[in-house]
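For reference, the structure is listed below as structure tokens.
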Amino acid sequence: MAAKKAYESFSKSLIEEVHRWGCLKQTGVSLRYMMEFGSKPISKNLLISAQFLHKELAIRIARRAIELENLPYGLSQKPAILKVRDWYLDSFRDLRAFPDIKNMNDEREFTEMIKAIKVRHNNVVPTMALGVQQLKKGMDPKIVYEDLVEIHQFLDRFYMSRIGIRMLIGQHVELHNPNPPPFVVGYIHTKMSPVEVATNASEDARAICCREYGSAPDVRIYGDPDFTFPYVPAHLHLMVFELVKNSLRAVQERFMDSDKVAPPIRIIVADGIEDVTIKVSDEGGGIPRSGLPKIFTYLYSTAKNPLDEHSDLGIGENVTMAGYGYGLPISRLYARYFGGDLQIISMEGYGTDAYLHLSRLGDSQEPLP
């Protein structure tokens, strides 16, 4: 009942406006464009960027709000999903209530507002995961989750769109930094060393593994540490962290009671003309072939959601080794966002290789679900 009431607090005219804006065309931006545009964060450019975002964010957020209302299997009515939908409607209302941006004063106020929108949406992924869990709880266990293709495709679109929205807001906000580090344009590092990012991500993953198991296999990284290319270090860190964490967990569990020394995880960084590829290889026993299609679904995880029904949704990032089963599909979306991809090849009985392809050219447009 409370859920229904929350919806009524949004006026009919706002809901109509959401539907109107949701029909407008989205405009994609490429990594190269963000980099070139942001390399001169003069007032004129910040003003143009704010005016663009004022309209673009409203369109993207309206589209997601509409989709959240029309999910199959009654998912739209789950309390966690209603909560997310309310965040989207609040953000849409904030954007539409903001007057036209005419000068730098308006621009500064707008930047503070979109910063607040980004914070409001911090917990969207675990909250959506909770909604999917609420759905699964009430479903006939005979339904095969891989058959819930519609929900899976919706989540892919939803999370891909979220990556784009957060990239655009973060990029704009970061351009206000009066003293950016060298080679940094907003979220983008124009001379990012993949070996360095992979090293940091691996150390973070090993620290969590040590905390959970008391020890962690070694990680060996092969590649030229001086090789750099333009990319978003936070995205790469997230993807490598996730892959290494999965590998560490597999190796640790396979060799836990063994007299043998746990074999190291190997990371190889290769720079091609089109792609930079990062391979993460482990000897953690692999995944049976029948299980491979499941690893990219959001509806398949043996892990517990850190946000269970009774926990406070305001928690920080409580990272566990198992996570809540969204690491791989979301990492693949981050890779695809700038024209790359993620592939997993497994040898059951031996181990798994993950190939993370990153587009080197930065020309591909954002995918716009």
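The values are calculated or read from the model by the stated rules, or taken from the named source; none is laboratory data. Bear in mind that the values here come from a model prediction, so they are computed numbers and not experimental data. Quick reminder, even Gly has a Cβ in these numbers, built from the backbone with ideal geometry, and neighbours come from all protein chains shown. Heads up: the accessible areas ignore ligands, DNA and RNA and are worked out on the full protein's heavy atoms, side chains in. Shrake-Rupley method; radii C 1.70, N 1.55, O 1.52, S 1.80 Å.
Below are the figures for this structure:
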item	result
Residue that is at positive phi, part of a loop (DSSP other than H, G, I, E, B), open to solvent by 20 Å² or more (accessible area, probe 1.4 Å) and out of contact with any strand residue (DSSP E or B) (no Cβ under 6 Å at 6 or more places or on another chain), where the choices are 339, 349	349
All positions within the stretch 22-75 that are at pLDDT 95 or above and open to solvent by less than 10 Å² (accessible area, probe 1.4 Å)	50, 53, 56, 57, 58, 59, 60, 61, 62, 64, 65, 68
Whichever residue in the stretch 115-130 is of a type outside the set (A, V, I, L, M, F, W, C) and over 19 Å from residue 81 (Cβ atoms) and, among such residues, is farthest from the chain's Cα centre (by Cα)	115
Filter pass, residue 26 being of a type in the set (S, T, N, Q) and either over 27 Å from residue 365 (Cβ atoms) or more than 23 Å from the chain's Cα centre (by Cα) (or both)	no
Test: residue in the stretch 259-274 that is in contact with a Cys (Cβ under 8 Å, 6 or more places away or on another chain), within 16 Å of residue 216 (Cα to Cα) and modelled with pLDDT of 90 or more	no
Residue check for residue 127: open to solvent by less than 10 Å² (accessible area, probe 1.4 Å), under 20 Å from residue 173 (Cα atoms) and in contact (Cβ under 8 Å) with a residue 60 or more places away in the chain	no
Condition met for residue 213 (among the hydroxyl-bearing types (Ser, Thr, Tyr), open to solvent by 50 Å² or more (accessible area, probe 1.4 Å), in contact (Cβ under 8 Å) with a residue 24 or more places away in the chain and touching a Gly at 6+ places or on another chain (Cβ under 6 Å))	no
Top-ranked residue of the stretch 216-254 - restricted to ones that are of a type in the set (Lys, Arg) and open to solvent by 50 Å² or more (accessible area, probe 1.4 Å), ranked as nearest to residue 358 (Cα to Cα)	220
The lone exception for residue 132 - which of (1) surrounded by 14 or more Cβ atoms within 10 Å (Cβ to Cβ); (2) modelled with pLDDT of 95 or more; (3) β-branched (Val, Ile, Thr) it fails	(2)
Top-ranked residue in the stretch 183-199 [being out of contact with any Leu (no Cβ under 7 Å at 6 or more places or on another chain) and assigned to a loop (DSSP other than H, G, I, E, B); ranked as surrounded by the most Cβ atoms within 10 Å (Cβ to Cβ)]	187
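Yes/no per residue for (1) touching a helix residue (DSSP H, G or I) at 6+ places or on another chain (Cβ under 9 Å); (2) of a type outside the set (A, V, I, L, M); (3) within 30 Å of residue 230 (Cα to Cα):
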{"position": "20", "(1), (2), (3)": "yes, yes, no"}
{"position": "29", "(1), (2), (3)": "yes, no, yes"}
{"position": "51", "(1), (2), (3)": "yes, yes, yes"}
{"position": "62", "(1), (2), (3)": "yes, no, no"}
{"position": "79", "(1), (2), (3)": "yes, yes, no"}
